[in-house]
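Below you'll find the structure, written out as structure tokens, and then a few comments.
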Amino acid sequence: MKIKRRDFLKLSAATGLAAAAFKGSTLNALAETPRGAIGEKPGTWMPSTCQGCTAWCPVEFFVQDGRAVKVRGNQLSKANSGYCCPRGHLMLQQTYDPDRVLTPMKRTNPAKGRGIDPKFVPITWDEALDTIADKMMELRKAGEPEKLLYMRGRYSPTSTELCYGTMPKIFGSPNAISHSAICAEAEKMGPGYTQGFFGYRDYDMAKTKCLVVWGCDPLSSNRQVPNTINKFGDIFDRGTVIAVDPRLSASAAKANEWLPIKPGEDGALAAAIAHVLLSEGMWSKEFVGDFKAGKNLFRAGATVDEAAFAEKETHGVVKWWNLELKDKTPAWAAKVTLIPEKQIVRVARAMGKAGSACAVYMGPGVAMTPRGTYASMAVYALNGILGSIETEGGVMQSSSAPTDKFPSIDKYLDDLAKKSGKGKKIDGRGAKDMPAIMGGIDKKEKDGKVTESAKANVVTNNVANGMLKDPGAIKVCISTWTNFAFSGTGAQRWEKALSALPFFAHLVTNASEMSQFADIVLPATFAPTEKLSIITNMANLHGHMSIQQPVVKPLGQAKPEETEMMWLLAEKLKARGFANLFDYYASIEDPETKKKPANVAEFVEIAAKISSHKVWDGKDKMKGDQISGWEDFKKKGIYNTETYAYKKNWGKFKTETKKFEFYSETLKKTLGLFADKNKTTVDEVLKASGYEAQGELVFVPHYESPKRHGSQEEYPFTFIDYKSRLNREGRSQNTAWYHEFKKVDVGDESWEDVVKINPADGKKLGIKTGDMVKLTSTNASITVKAKLWEGVRPGTIAKCYGQGHWAYGRVAAKDYAKAIPRGANNNELMPDDYDRLSGATARNGGFTGVKIQKA
Ligand SMILES: Nc1nc2c(c(=O)[nH]1)N[C@H]1C(S)=C(S)[C@@H](COP(=O)(O)OP(=O)(O)OC[C@H]3O[C@@H](n4cnc5c(=O)[nH]c(N)nc54)[C@H](O)[C@@H]3O)O[C@H]1N2
Ligand SMILES: Nc1nc2c(c(=O)[nH]1)N[C@H]1C(S)=C(S)[C@@H](COP(=O)(O)OP(=O)(O)OC[C@H]3O[C@@H](n4cnc5c(=O)[nH]c(N)nc54)[C@H](O)[C@@H]3O)O[C@H]1N2
Ligand code: SF4
Ligand SMILES: [Mo]
């Protein structure tokens, strides 16, 4: 007898099968909820926003009897056309995860470390907040508020300002640390130092004639999965899809051309493609300009007179050719990249043929590597040669929806905050060997005088090193939505640093790895279904602003961490004589009624209204969707901007020359300012930060050889890390659906965490599919199951990021009580290293050498 899925659901509800699967802390909450098959009972679609990945999709939940039972894209969304990706559906299991933290908890075992039971006991919200406020006040009383560290992981782009941007500053600490440098910051260096745009790009996928996915797999991950799934198939009718990835990704499996590049050699391939495009006359005459005499003088090996070329929207193409490209022939690149010369030429020509309708979609695979800034510039600059910047079928700067800022905090900074807030940050940014100049130049005008300095970026993963080096530097740490003891490379350093931290409060949904070191754990709302906030993003040539709202009642005693928890904490600080944070929060004003918040609920709503009011209050004339009031916005859940206008920024790029800079005057100026501040030279800075280039080469996109931890002899394999299609960053692995459907990752297996090894290597090592193997790097060893697979070339091995949780919950970990991981965490294998010009953590580019032994 065949049982249909629908019948199975009914059967399981009737026999209590489903309830049995949810044994645990939320059993009672779940048992109270009436159940039935979807569609049998009336329900409502309620809009909210998914934050499973950085697409931040506007979605809708179907809610029956107070329970969310189904997910789809917001039908009004122009970014995802009403669809969500496979991992959007995991939100249901995440919301009702039986292992969620339901009440505040305090540690009763002072010993901290992996596998040491924290002996958490439930406490009241009051007790938890009293303790945190007491610890914070001790710092202010001792005159050392800078010893407060606030770390945020994933966040809401608007309400984060009320904590990350506000709380530490008003308190008096410079130590507000965001996760962004373990995310994808190095990727912004390419568009940043060529085009003056330090941000993520959008792509005209509906029109592109050639899509080059380079170091990312946009069908599975990256920043616009539903839009890519929607548009990808049609590109084949118009032209070519090219994938540059050392691993057979979902996009590579479908592409016309797959270039399984040797990890970390992207700068070489990009240089050779640029060489072909220039020497074969395939650059954009409209964007780049032309030789004055009309004849192409770009010939392999030959220097060109700068005066012979008249540039239009760009700056320094001839300098770039002379300094870098003239000798970077496809034959040269073939040797280092292992991509055949013929294929390099063929691909370059396909790109040239599509011209300004060729979009180079660059991802972290290129950039999140130890010398990633230059690879990022080299790959991104191809868009400049092709002239596909803001053109039909090309690459756009992101559209943004018009959020409003919260009022200035200046009035609320007391003398101590002003003094201590200016101190050195714990992440080491700005040192000679850690420039972290992602963001270019900061220009400030005061009393008619303009001062300039290099903008500093956060160096998230270096915080653990800072804490280990100076154990007294941080005494109190508050952190929201983070799991750096799992998500940062060299994760063991975080375990050590957190073990030594005197006081740590963690505001999260689940007691994952980092929470095991906490003194207090506070139950946070699961953002997409339980929190009120405003989210902005873009895709498909539209920006959008969408609401995130409690479509169901928060589980247990969960509260939103960025708004409600901060208000409650501010009240406690006020009761202890430090009122500035509370007074600031209480000063914000409802844009509609002009009322100030009288209580926490009003504060949360007013915050959301401030961020979003421009799109619904009718005072600003909106060019996109027309929305009549706050209630209408909550009902629709989304505002879409007008369509992105092509060539919008031509002639006014935010670079020093206002042009697209192949010779980056912007980088030259920024590095100059940085070197001056550190009383050294640009060449010294580059050397100290581990780059190869010196002199003029520093200012152009160029090839740097890949940096590798471990010698080829001792560690003969090169490790490739990538994201699962089902990873909701580090957060979906406690859902059963994650493991059940794991096989949707090309080459992966359900309920397993396999390392993929080329069959030729397997044969040499005597390893078969299913064998347990020990992988050893310079950092540590992990043990996992082997799978022989032809999707990686001999000499490289690939393993998905996401598994290896030893905490988090009873599905994510193999044995939560004994701290035994399910699978293995790549971040324990990979050492911590950085693209030091951006401060970003390396996880790609094959920087980890590995040896393989049978376990
Ligand atoms: N499914 C899914 N999607 C996500 C997320 C998620 O967790 N899951 N997270 C979101 C977030 S926070 C971010 S920051 C984005 C970014 O996420 P992605 O764009 O997915 O970036 P990575 O995970 O760094 O993936 C790196 C890619 O580069 C390849 N690669 C590794 N080394 C090299 C190399 O040397 N050269 C080249 N050319 N390629 C290389 C890998 O095989 C992989 O395909 O994704 C977002 N989207
Ligand atoms: N090897 C390797 N490492 C990586 C990556 C990779 O591709 N490979 N990707 C990197 C990238 S791009 C990123 S962005 C980072 C992400 O890494 P982090 O910023 O550390 O965040 P996560 O690990 O996704 O989640 C942190 C914790 O937040 C809690 N949580 C889950 N949902 C919610 C919620 O709704 N609200 C609150 N308050 N808490 C919640 C859970 O306890 C979870 O453990 O990881 C990076 N690490
Ligand atoms: S996981 Fe990402 S792509 Fe998928 S629905 Fe959520 S935000 Fe959109
Ligand atoms: Mo990220």
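If you sort the three axes of the alpha carbon gyration tensor as a ≥ b ≥ c, you get a/c of 1.5 or more for segment 166-304 and a/b no higher than b/c, which makes it oblate.
Label positions at residue 596 and residue 576, each projected 7 Å from the Cα along the C-beta direction, are separated by 2.4 nm. Toward the positive end of the charge dipole of the chain, with +1 on the Cβ of Lys and Arg and -1 on the Cβ of Asp and Glu, the farthest Cα among 500, 762, 852 is that of 762. With each label modelled as a point 7 angstrom along the Cα→C-beta vector, the residue 658-residue 820 pair spans 6.7 nm. Computed from point charges on the beta carbon alone (+1 for Lys and Arg, -1 for Asp and Glu), the dipole magnitude for the chain about its Cα centre is near 1060 Debye.
Going by Cα centres, segment 365-399 and segment 668-683 are how many Å apart? Value for the Cα centre distance between the two parts: 25 Å.
Only bridges with both residues in the chain count here: give the DSSP antiparallel percent, nearest 5.
Working: 60 of 105 bridges.
Percentage antiparallel, nearest 5: 55.
A straight line joining the Cα centroids of segment 294-326 and segment 495-544 runs 50 Å. For segment 388-432, the normalised intensity computed at q = 0.29 Å⁻¹ comes to -1.02 (log10 of I(q)/I(0), Debye sum over alpha carbons, equal scatterers, no solvent). Placing a label point 7 Å from the Cα of residue 234 along the Cα-to-Cβ direction, the residues of segment 616-659 whose backbone N falls under 17 Å of that point are 643-644. Which stretch or stretches of segment 159-195 have amide N atoms under 11 Å from the point lying 7 Å from residue 418's Cα along the Cα→Cβ direction? Taking a point 7 Å out along Cα→Cβ of residue 418, no residue of segment 159-195 has its backbone N under 11 Å.
Of the residues 733, 751, 805, the one whose Cα sits farthest toward the positive end of the charge dipole of segment 717-854, with +1 on the Cβ of Lys and Arg and -1 on the Cβ of Asp and Glu, is 751. Pairwise Cα separations in segment 332-435 fall into 10 Å bins from 0 onward with the following percentages, short to long: 11, 23, 24, 20, 13, 7, 1. Each residue of segment 79-90 was assigned a 3J(HN,Hα) from its phi angle through the Karplus expression (A = 6.51, B = -1.76, C = 1.60, θ = phi - 60°), giving 7, 10, 6, x, 10, 10, 8, x, 6, x, 5, 5 Hz with x at Gly and Pro.
Only one residue of 115, 171, 133 has its Cα farthest out toward the positive end of the dipole of segment 105-171, where Lys and Arg carry +1 and Asp and Glu -1 on Cβ, and that residue is 115.
Just check segment 597-687 against the gyration tensor rule for me: Cα atoms, a ≥ b ≥ c as the square roots of the eigenvalues, rounded for a/c under 1.5, and otherwise prolate or oblate depending on whether a/b exceeds b/c. Because a/c hits 1.5 or more and a/b fails to exceed b/c, segment 597-687 counts as oblate.
Site pair residue 296 and residue 45 shows an inter-label distance of 5.1 nm when each label is modelled 7 Å from Cα along Cα→Cβ.
Extents of the chain, largest first, come to 78, 77, 54 Å (Cα atoms, principal axes, whole angstrom). For residue 559, the amide hydrogen comes within under 5 Å of the amide hydrogens of 524, 525, counting only partners 5 or more places away or on other chains and with H modelled in the peptide plane.
Highest mean packing comes first when the peptides 279-287, 370-378, 155-163, 382-390 are listed by Cβ atoms within 10 Å, giving 370-378, 382-390, 155-163, 279-287.
Peptides 506-514, 749-757: what's the order by average Cβ count within 10 Å, highest mean first? Let's see the in-between values first.
Working: 506-514: 26.2, 749-757: 20.3.
The densest-packed peptide leads the list: 506-514, 749-757.
Show the residues, 5+ positions off or on another chain, whose built amide H is closer than 5 Å to the amide H of residue 749. The answer is 754.
Determine the sum of side-chain charges near residue 160: Lys and Arg each +1, Asp and Glu each -1, restricted to other residues whose C-beta is under 9 angstrom from that of residue 160. Let's see the in-between values first.
On the way: positive: 152; negative: 161, 562.
Overall, the nearby charge balance is -1.
For residue 207, the residues 5 or more places off, or on other chains, whose built amide H falls under 5 Å of its own are 393.
Over its Cα atoms, what ratio of radius of gyration to 2.2 N^0.38 Å does segment 717-854 give? If you can, show how the numbers build up before the last one.
Numbers: Rg = 14.7 Å, N = 138, 2.2 N^0.38 = 14.3 Å.
After normalising by residue count via 2.2 N^0.38 Å, the value is 1.02.
Distance from the Cα centre of segment 177-254 to that of segment 92-154, in angstrom? Here the two parts' Cα centres lie 38 Å apart.
Based solely on its DSSP helices, what 222 nm [θ] is calculated for the chain when runs of n ≥ 4 H residues each add -39,500 (n - 2.57) and the sum is averaged over all residues, nearest 500 deg cm²/dmol? Walk me through the numbers on the way to the answer.
Working: 32 runs with 257 residues, N = 855.
Helix-only estimate at 222 nm: -8000 deg cm²/dmol.
Of all DSSP beta bridges confined to segment 203-396, the antiparallel ones make up roughly 20%.
Taking only protein heavy atoms and a 1.4 Å probe, what accessible area per residue, in Å², does segment 119-238 have with all protein chains in place? Could the numbers behind the result be given before it?
Details: 3170 Å² over 120 residues.
Heavy-atom SASA per residue in segment 119-238 reads 26 Å².
For segment 203-396, the Cβ-based charge dipole about the Cα centre amounts to some 340 debye (Lys, Arg positive; Asp, Glu negative; other atoms uncharged).
Residues in segment 675-685 carry Karplus couplings, in order, of 5, 4, 4, 8, 6, 8, 10, 4, 4, 5, 4 Hz; the curve used is 6.51 cos²θ - 1.76 cosθ + 1.60 with θ = phi - 60°, and Gly or Pro positions show x.
What does the charge add up to near residue 675, with Lys and Arg as +1, Asp and Glu as -1, over the other residues with Cβ less than 9 Å from its Cβ?
Details: positive: 432, 677, 679; negative: 676, 683, 684.
Net local charge, residue 675 excluded: 0.
The values are calculated or read from the model by the stated rules, or taken from the named source; none is laboratory data. Predicted model only: the values in this text are computed from it and were never measured. Counting neighbours? That spans all protein chains shown, and the Cβs are built from the backbone with ideal geometry, glycine included. Protein only, heavy atoms only, side chains kept; ligands, DNA and RNA dropped before computing areas. Shrake-Rupley method; radii C 1.70, N 1.55, O 1.52, S 1.80 Å.
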